[in-house]
Amino acid sequence: MDQLQLLTGIGIAIFSLGVLGFLTRRSGIIALMCLELMLNGVNLCLVSFSRQHASADGSALVMLIILVAAAEAALALALFVALFRQNGSVELDDYRMLKG
Amino acid sequence: MIEPTILQYILGTLILSTAILTVLGKNPVMSAMSLMGTLFLTGLLYFTVGAHFVGTVQILIYAGAICVLLIFIVMLLDLKPHNVRIPGRKPVYLFAGGISALFATGLVISTLPALGTNGMLDSGVIAANNLVEDAQSAKAISLTLLSKYMLPFQVTALLLLAAVMGVVVIGQKNKLTDSEGKGS
């Protein structure tokens, strides 16, 4: 097994675990954590590919992804605080007003 | 072809176990702590393959800033384990397990053979030519980021500005709904 195969394998495993958690957990904050896990798996794969091709493109993309993840986490947490202030719950099942 | 070191195997096992704890943990604080562990250990894994700058940024921003924000909000909202409902419906688990297994097999099938020696670059060859440290250095990454990816970089700056404004708007008290909801 090559080092990069190990890295990519871990990245894929983390991504799949994130998908699993995102679909099963109904707490909004834990769903957000699973989203971060998925982004982290993608980052691992990107670093692995970047190293494989000996180019800096993948690492530059990782920087952008980390920035986007930071913005997304800040926005989502502000949303959850606002929702919690309104209804006292961050369970995703409690917010079905868009469902017909 | 470079065999993974013992340290990398240990880090990989720890990363996977903390990720599983994040997904399955009942206590949100425990989940957030495990997520912090996952992100920190991933940063260490970046160090072991020579991506020092990415590892530093990962630990500073991901494990440092984002996770502290998450833990802060979890503790602020005082989410208790008994407040977190676990869905009892079996179809949800089947559906979710099927989707994630589909993702995993698809990704493994599509990427892992290509990472071997089948016509692609091999990490042993790259290390022998001493290209890796060059391409993963902070200088190379910043040059790429500020030349080839200039437009995405600027758009990200706009995104951050929009996020800051959005957080301020969401975070302030809504006077209309507050005055309406005073009586209830």
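Hey, what did chain A get for relative contact order, percent, Cα under 8 Å, at least 6 apart? Each step should come with its number before you reach the end.
On the way: 88 pairs, mean separation 28.0, N = 100.
Averaging sequence separation for qualifying contacts and normalising by length gives 28 percent for chain A.
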Q: Collect residues whose amide H, placed 1.01 Å from N in the peptide plane, falls under 5 Å from the amide H of A:E91; neighbours closer than 5 in sequence don't count.
A: A:G28
**Q.** Exposure proxy ranking, count of Cβ atoms within 10 Å, fewest first, for A:R85, A:R51, A:R26
**A.** A:R85, A:R26, A:R51
(Q) Can you tell me what percent of all Cα-Cα pairs in the range A:22-86 are more than 14 Å apart? (A) 64
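Readers should treat all values here as calculations from the given coordinates under stated rules, not as data from a laboratory. All of these numbers come straight from a predicted model, not from anything done at the bench. As a convention, Cβ positions derive from the backbone with ideal geometry for all residues, glycine included, and neighbour counts pool all protein chains shown.
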